[in-house]
Amino acid sequence: MRGQARQENADRHILICLSSSTSNAKVIHAAANIAAAFHGTLTALFVETPAYSLMSDDDKKRLRSNMNLAEKLGAKLDTVIGDDVPYQIAEYARVSDISCVVIGQTNTVGGLLRRKKSLTDRLVAYAPDLDYFIIPDHGTKVYVARKPSEFNRKRLLLDCAVFLSSLGVCTGIGFLFSHLGFTDANIIMVYLLGLLAVSVGTTHRAYGMVWAVVSVLLFDLLFTTPRFTFYAYGTGYPVTFIVMLAAAFIISTLAIRLKQNAGQAAKSAQRMSVVLETDRQLAKAKAKEEILTVLANQLTQLLKRSLVIYPAENDALTDPIFYPAAEDTVPYRMNEEKQAVEWAFSHLKRSGATTEVYPQADYLYYSMRVQEHTYGVVGVAVHGSPLDASEQSVLASVVGECSLALENARNAKEKEETMVLAENERLRANLLRAVSHDLRTPLTSIMGNADNLLSCGEALDQQTRRQLYTDIYDDAQWLTGMVENLLSASRVNDGRLNLNMNTELMSDMVAEAIRHMGRRLDGFRLEKEEPDSLLFVKADARLIVQVVINLLDNAVKYAPAGSKISIGISEQGKNVVVRVADEGPGIPDDQKEQVFDLFFTSGNPTGDSRRGLGIGLSLCQSIIRAHGGAITVSDNAPKGAVFAFTLPRDEVNLHE
């Protein structure tokens with residue numbers, strides 16, 4: 001029961017909500033203790049709202065410090081973009097299989113008569129099925145607009161210019177409408193249209209709110225009777241002013257929120273596009289170098305910052321690879337940065353700029369890891385300009401995808417090496433089996449015949465002694481051919497098959513092979529077909545003769561005594577074709593593709609595996625391919641097999 005409870009706790013996924021609050025560190029420590037108590041996993045989530053860009057530098061620095069603390073305590077960092085913080089947390093918890101949430105409690109008062117719902121209350125309403133650990137966190141706050149003095153001066157002047165010019169244009173149009181006799185409703189619509197323009201064209205909602213008040217006052221001052229005063233004779237004007245002011249506030253709020261949501265959607269789309277494009281390119285990349293190139297291209301394109309990658313080989317970092325950004329002119333200080341790189345590699349965590357580990361570094365370093373295996377370190381230039389939460393989230397996603405691709409590439413390479421070792425082991429076992437069985441048979445025959453000649457040779461008649469001599473010679477000849485095949489096969493496998501290419505007459509090489517076969521062709525009807533013209537090829541004569549010998553020897557082994565063996569030479573386009581046909585049992589269709597495999601054996605008496613090492617036909621294929629030709633097998637009519645190989649024809653000037 002205790003083990004079952006521990007397993008249930010290990011499955012718990014705990015979520016900690018991050019903020020720039022000074023007391024958020026207390027919440028992070030509490031979440032780490034809870035995760036340790038439950039033996040569960042911990043994820044730290046930051047919700048990036050539109051107000052993130054309005055945070056002060058101190059708040060951003062405190063937020064990064066809280067993120068570093070969460071990561072130091074074993075949390076996985078993640079960032080989502082949205083406007084409704086509780087809803088984003090609830091949705092993340094739902095799709096990430098979160099079991100409990102640790103969050104700081106705020107005591108926000110919404111007015112004199114009622115208490116406004118806190119972030120925690122709204123989160124519980126969105127996700128009532130989760131377990132909650134609420135830590136008092138009086139320092140948590142919602143980010144509001146910075147004071148005007150905190151704005152960039154150039155941006156402030158531009159916003160004021162948009163506001164004043166829009167106000168002047170709308171007022172001018174109002175005077176024109178008034179002169180033309182248009183109703184007040186038309187003038188009100190002009191100011192509402194100007195409100196939309198200001199809300200979209202400026203950087204803060206304060207301009208829209210000010211516009212709402214100023215436009216009502218201007219309308220009252222300039223277009224109501226009596227003019228140029230804030231009095232109005234009409235009894236309905238107060239209601240008109242109130243409705244106009246309320247509509248202005250609503251339109252301003254909606255326009256600003258729409259602009260903010262559009263910006264958030266653009267960020268989310270960009271992040272998704274980068275991740276999807278990374279996945280698409282990684283699907284094509286197979287080698288480690290290709291994966292690292294994809295990583296560098298994606299990050300430099302996204303962040304517009306210099307990049308350095310330290311690949312890892314045999315659990316040690318190798319020389320760095322630099323990917324400088326065009327606008328980055330700061331030199332890379334390798335000696336000063338090396339300690340941060342090595343720390344990130346050994347501890348599998350971030351280090352360098354904006355972290356608590358070697359914060360004086362110019363680069364922020366991420367380790368490329370999958371579980372406990374590290375494939376290198378990626379560094380992104382900071383130079384006093386920290387990455388925002390969204391950029392860090394995308395960076396972590398891209399690095400994670402590339403790390404997984406490196407893991408898959410390593411697994412594929414290990415699988416391939418394992419398959420090669422298994423294949424080599426299989427070939428070694430087949431060779432030992434063939435040597436122990438097939439070579440022992442002729443050696444036993446030679447020893448037995450020699451023993452008979454030594455012990456009672458004088459008592460044997462002349463014909464018997466001659467037969468024993470012939471058997472010894474044939475077995476020795478077979479062994480010689482087998483050794484030649486073994487030596488040639490070893491040279492092919494080692495890449496040492498050096499071709500001594502010369503212009504050779506094909507019929508001469510075939511005649512040499514027939515002469516070499518000698519008495520082994522006795523008892524068969526050999527038919528030789530030669531063309532009327534001389535056919536020359538560019539070839540190593542010794543190896544081509546060996547190919548023809550192997551094909552004839554294969555026919556002799558399986559054709560019944562007295563049957564016909566035919567060998568023909570013909571011309572086919574720019575190739576010379578040699579065919580060896582027998583009247584043996586033939587080769588089944590399902591074995592035709594395997595008959596040229598090294599050490600191929602079968603339960604059926606087919607191929608060259610009945611009395612041989614199963615390398616003859618494989619050697620023939622290697623030799624013919626090295627000459628630029630091809631070898632095939634087909635059925636003979638009415639029975640038997642036909643082996644044919646082609647060699648490129650060589651033109652010879654006989655008058656040279």
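State the number of residues belonging to the stretch 618-640 that are assigned to a strand (DSSP E or B) and either of a type in the set (Ser, Thr, Tyr) or farther than 24 Å from residue 539 by Cα (or both).
Looking only at the stretch 618-640, we keep the residues that are assigned to a strand (DSSP E or B), and these are 630-635.
Add one more test, that the residue is either of a type in the set (Ser, Thr, Tyr) or farther than 24 Å from residue 539 by Cα (or both), and what stays is 632, 634-635.
Total meeting the criteria: 3.
Which number in (1) over 17 Å from residue 298 (Cβ atoms); (2) part of a loop (DSSP other than H, G, I, E, B); (3) not polar (S, T, N, Q) marks the one condition that residue 325 misses?
(1)
I'd like the full set of residues that are surrounded by fewer than 15 Cβ atoms within 10 Å (Cβ to Cβ) and closer than 20 Å to residue 561 by Cβ, limited to the stretch 631-650.
If the condition is that a residue be surrounded by fewer than 15 Cβ atoms within 10 Å (Cβ to Cβ) and closer than 20 Å to residue 561 by Cβ, then 638, 639 are the ones that fit.
Filter the stretch 491-512 down to the residues that are at pLDDT 90 or above and of a type in the set (A, V, I, L, M, F, W, C), then identify the one that is farthest from residue 650 (Cα to Cα).
If we take residues in the stretch 491-512 being at pLDDT 90 or above and of a type in the set (A, V, I, L, M, F, W, C), then 511 is farthest from residue 650 (Cα to Cα).
State the number of residues belonging to the stretch 466-483 that are crowded, with 16+ Cβ neighbours inside 10 Å and farther than 18 Å from residue 553 by Cα.
The qualifying residues number 1.
Mind checking which pairs have a first residue in the stretch 615-628 that is within 16 Å of residue 591 (Cβ to Cβ) and a second that is among the charged types (D, E, K, R), Cβ under 6 Å, 6 or more apart or different chains?
616/608; 617/608
Do we have any residue at all in the stretch 57-72 that's on the phi < 0 side of the Ramachandran plot and part of a loop (DSSP other than H, G, I, E, B)?
Within the stretch 57-72, the first condition is being on the phi < 0 side of the Ramachandran plot, and the residues that meet it are 57-72.
If we keep only those that are part of a loop (DSSP other than H, G, I, E, B) too, we end up with none.
No; the residues of the stretch 57-72 include none that is on the phi < 0 side of the Ramachandran plot and part of a loop (DSSP other than H, G, I, E, B).
What pairs can you find where one residue is in the stretch 402-422 and in contact (Cβ under 8 Å) with a residue 60 or more places away in the chain, the other is assigned to a helix (DSSP H, G or I) and of a type in the set (A, V, I, L, M, F, W, C), and their Cβ atoms are less than 7 Å apart, with a gap of 6+ or different chains?
402/282; 402/291; 402/294; 402/295; 405/282; 405/291; 406/291; 409/291
Could you identify the single residue in 312, 283, 296 that is small (Gly, Ala, Ser) and part of a strand (DSSP E or B)? First the steps, then the outcome.
Working: 283 fails: part of a strand (DSSP E or B); 296 fails: part of a strand (DSSP E or B).
Within the list 312, 283, 296, the selection yields 312.
Taking the stated definitions as given, is residue 45 at pLDDT 85 or above and open to solvent by less than 10 Å² (accessible area, probe 1.4 Å)?
yes
Out of 410, 426, report the one residue that is charged (D, E, K, R), open to solvent by 80 Å² or more (accessible area, probe 1.4 Å), part of a helix (DSSP H, G or I) and at pLDDT 70 or above.
Numbers: 410 fails: open to solvent by 80 Å² or more (accessible area, probe 1.4 Å).
Of the residues listed, the single one that is charged (D, E, K, R), open to solvent by 80 Å² or more (accessible area, probe 1.4 Å), part of a helix (DSSP H, G or I) and at pLDDT 70 or above is 426.
The values are calculated or read from the model by the stated rules, or taken from the named source; none is laboratory data. In this text the structure is predicted, and so the values were computed from the model without any measurement. Quick reminder, even Gly has a Cβ in these numbers, built from the backbone with ideal geometry, and neighbours come from all protein chains shown. Just so you know, the surface numbers come from the protein's heavy atoms only, side chains and all, with ligands and any DNA or RNA stripped out. Shrake-Rupley method; radii C 1.70, N 1.55, O 1.52, S 1.80 Å.
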